[in-house]
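Below: the structure, in structure tokens.
The values are calculated or read from the model by the stated rules, or taken from the named source; none is laboratory data. Being a predicted model, the structure only gives us computed values, none of them experimental. Reconstructed Cβ throughout: ideal geometry from the backbone, glycine too, with neighbour counts over all protein chains shown. The area values use the complete protein model at the heavy-atom level, side chains included, leaving out ligands, DNA and RNA. Shrake-Rupley method; radii C 1.70, N 1.55, O 1.52, S 1.80 Å.
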Amino acid sequence: MLNILLADRKQTAESIGIRFVVRVESTGLGFIEPVDVTTLFGNLLENAMQAVIKCSGERCIKVHIKNYNEMLSIRIENSVEKEVRIKNGKPVSTDRRGTGIGCLNVERCVEKYGGSILYKNDRGKFYSDVILNR
């Protein structure tokens, strides 16, 4: 499921001039239910894509997945035109059409696996860092 989702997003991104880099250092993703793979990666990548589309400079999305002890670490990094506002640890949408349902669904998914998620900005990049327990 993840391979299909990543391949689709990569093709879409590259067709509109966005560099899309995937680095997977883990093969143990079988503990995540397919619906949760779709929820987690689908929403985070959609948010990244929407932010990168607005960039006039570098347009890049990077996905890094690796094992860390008995946990799975996921980092999605994307270029941003301007820093994303974070309130109470959550990104705040400036898009009036955005409902915030995607981030809420990601949060529920992360909690299901006893994990955590951290959003941060740093030098023109926005990071979504997820840790899931096996």
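For region 1-13, the tally of residues that are modelled with pLDDT of 90 or more, over 15 Å from the mean Cα position of the chain (by Cα) and surrounded by 12 or more Cβ atoms within 10 Å (Cβ to Cβ) stands at 1. Beta carbons closer than 7 Å, at least 6 apart along the sequence or on distinct chains, pair a first residue in region 70-86 that is within 19 Å of GLY17 (Cβ to Cβ) and without any contact (Cβ under 8 Å) to a residue 40 or more places away in the chain with a second that is of a type outside the set (S, T, N, Q) and open to solvent by less than 50 Å² (accessible area, probe 1.4 Å) for GLU81/CYS55.
Screening the candidates ILE53, ILE61 for the property of being under 22 Å from GLN11 (Cβ atoms) and in contact with a Phe, Trp or Tyr (Cβ under 6 Å, 6 or more places away or on another chain) yields one hit, ILE61.
Conditions tested, residue by residue: (1) more than 28 Å from ASN133 (Cβ to Cβ); (2) of a type in the set (Phe, Trp, Tyr); (3) at pLDDT below 95.
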| position | (1), (2), (3) |
| --- | --- |
| ILE18 | yes, no, no |
| VAL21 | no, no, no |
| VAL37 | no, no, yes |
| VAL52 | yes, no, no |
| CYS60 | yes, no, no |
| HIS64 | no, no, no |
| GLU70 | no, no, yes |
| ASN88 | no, no, yes |
| SER93 | yes, no, yes |
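Condition check: among the hydrophobic types (A, V, I, L, M, F, W, C) and at pLDDT 90 or above. Does ILE101 satisfy that? Against the criterion (among the hydrophobic types (A, V, I, L, M, F, W, C) and at pLDDT 90 or above), ILE101 does not qualify. In region 107-130, the residues that are within 18 Å of GLN50 (Cβ to Cβ) reach residues that are open to solvent by 50 Å² or more (accessible area, probe 1.4 Å) and outside any strand (DSSP E or B) with C-beta atoms within less than 6 angstrom, at least six apart or across chains, in these pairs: ASN121/GLU83. Cβ-Cβ contacts under 6 Å between residues 6 or more apart (or on different chains), taken from a first residue in region 21-50 that is over 25 Å from LYS82 (Cβ atoms) to a second residue that is of a type in the set (Val, Ile, Thr) and assigned to a helix (DSSP H, G or I), are listed as LEU40/VAL106.
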